[in-house]
Structure formats: structure tokens, C-alpha cells
1. Would you work out if the range 1-96 is rounded, prolate or oblate? Take a ≥ b ≥ c from the square roots of the eigenvalues of the alpha-carbon gyration tensor; rounded if a/c is under 1.5, else prolate when a/b is larger than b/c, oblate otherwise.
2. In what sequence do Met95, Met62, Met157 fall when counting other Cβ within 10 Å, fewest first?
3. Answer rounded, prolate or oblate for the range 24-149, using the Cα gyration tensor with square roots of eigenvalues a ≥ b ≥ c: rounded when a/c is under 1.5, else prolate when a/b is larger than b/c, else oblate.
4. Give the peptides 76-86, 7-17 in descending order of average Cβ contacts within 10 Å, highest first.
5. When the helices in the chain are scored as -39500 (n - 2.57) per DSSP H run of 4 or longer and the sum is shared across all residues, what 222 nm value do you end up with, to the nearest 500 deg cm²/dmol?
6. Taking Rg and Dmax of the Cα atoms in Å as the quantity of interest, determine which of [x] 20.5, 66; [y] 18.4, 58; [z] 18.3, 63 was computed from the displayed structure.
Amino acid sequence: MAFQGSLKELPLPDIIQLVSVSGKTGVFSLRRNGDSSSGEIYLRGGQIVHAHAGDLQGEEAMYELAIWPEGEFVFTPGKETELTTIQKSNTNLLMEAARRIDEWQILSKRIPSTRLVPVFTQRATTTSVSLTPQEWALICKIDERRTIEEVAIGLDMSPFEACKLLYGLITSGLVALNEDLSRLRTDRLRAMSPEELAGVVETIYDQARGLLNGHPRQGDLDVPFRMSRAELDSGRGVEAVLDLVRAEEKLVSAALGPNQSKVFLDRVSQILNR
């Protein structure tokens, strides 16, 4: 018999432990309230063997689902998968998910967004340093044009792992991060009336609130929203919209990690391209 409930009432780690101790085989289907985000976690004999969320699979998908502050779940027993993308034990997997959540709170203070572009500082050209093989691999992918997200793809690693490597390079003063919102199409915005721009600001704000729905930091989104409305009233137009995107994305990233930061920016792109 299937059972279902709310992640707000019963967090995902507790749900998985409840099911795994009975050695059940089946699938957790998860859907977040307020948007179309969904994912699945498959258990075989009580052990997690596969997960997917959006474009993510395996451990990365599991870590992504573990940070959802709210949503609905349904466990369907007996539903199996032939895929095995997760080898870790349930305990180690959930412990790693909790560690990542804590670690991202530190990383995001230096790396507020994976859309930023890593660039070399002047110190990098004059300082002799000892780097690990992974740091060298990352250094070789930095061309001062690609974002952190794109560098991570080139290294075949998650944005989280790329940020961990970058954090040390940024702290040592070898690498800095440049702003890059050039990929967001703003030409359409420039032809809009103040009333239309206010509607865009409202929609962007709603998207951020949807992603942080149920999260303790959801209320933090209100301040940049009010500031952007004030900037619109003062005639800043497009810049007021971009200021809101920057501020809200950093809050989403700090609260939910780099993958949800990317989801937010993808949705902003869709709003601007309508």
C-alpha cells in the first residue's frame, strides 16, 4: 500500500529511515509545492540505489532532494528500477547530504552564485604556489569567459565540488569572480513601460518565493523586492530588474545551493524571453 505525506511534517531523511528499516523495495516520488520541481528515489531491499531530480542523477540528485524544505511525497512499494547509480549506504548518503548543506553555508559567503565567472588576479601571475592535481585541473579550465557552472561541466563534476576547489583559490587571492548577467536578454525590457517592468519584477519575486517556499529565509526575499520597486519608481528601469535578479539569486543560492540557483536563473531567462 502506498503512503504519502508532507516533507514539512516529516523530513526526507526521517522518511527514508522509516522505510529502509523494514527492508522495503519501492520508489519515493517527490514534488515541491508552488512549482514543477519533482524527483524520485528508488529503494531496493531498503537501500537507496537510484535517484533523479531534473537533470541530476545518482548521489547528486539525492543531495538535491535532501535540501528541499517542503513538498509532498508518495511512496509506492514494489516499484523497481534496473538502474543502480548509488553505491553508498543510506547512512553515509544522508550524512553526506547534511554535511553538504552545512558546508554550502560557508562556501556561499565567497561564492554567492555559480553564474559568476572565475578570473585570475594579479597575484596569480606573480606568486608561486603549490596546487593539488584537482586544483590544477580547475585552473586549466578557467578561461575568464566560462561561468563556474560551465567550468564544472568541463571537469565532469558537480557545481558543488567545483565551488569547493574554487573556495581555496579565492581565499588565497589567486582567483576572483566577475559578474556576468550578459546572457540574460534585456533588450525586451528596455522597450517596456514602468508598469510592465513592475509586472516583471513581481513575477521574478514570485519565482524566488516559490523556490524558498517553507524555508526560514523566504522572508529575506522581501527586502530586495521592495528596493527594486523603489528603484523602478526612481526611473532606474532595467537596472532595477537586474539588481533584483542578483539579490534574489544570491539568497536562493545561499539557502538551497547552486543547483536551485541555476533553476532560478533559468526561470528568469524564460520570463525575459516571453
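1. rounded
2. Met95, Met157, Met62
3. prolate
4. Going from most to least packed, we get 7-17, 76-86.
5. -15500 deg cm²/dmol
6. [x]
Every read-out reported here was derived from the displayed coordinates using simple, explicitly stated rules and does not represent laboratory data. What you see is a predicted model; the values in this text were computed from it and never measured. In this analysis, Cβ positions are derived from the backbone assuming ideal geometry, glycine residues included, and neighbour counts consider all displayed protein chains.
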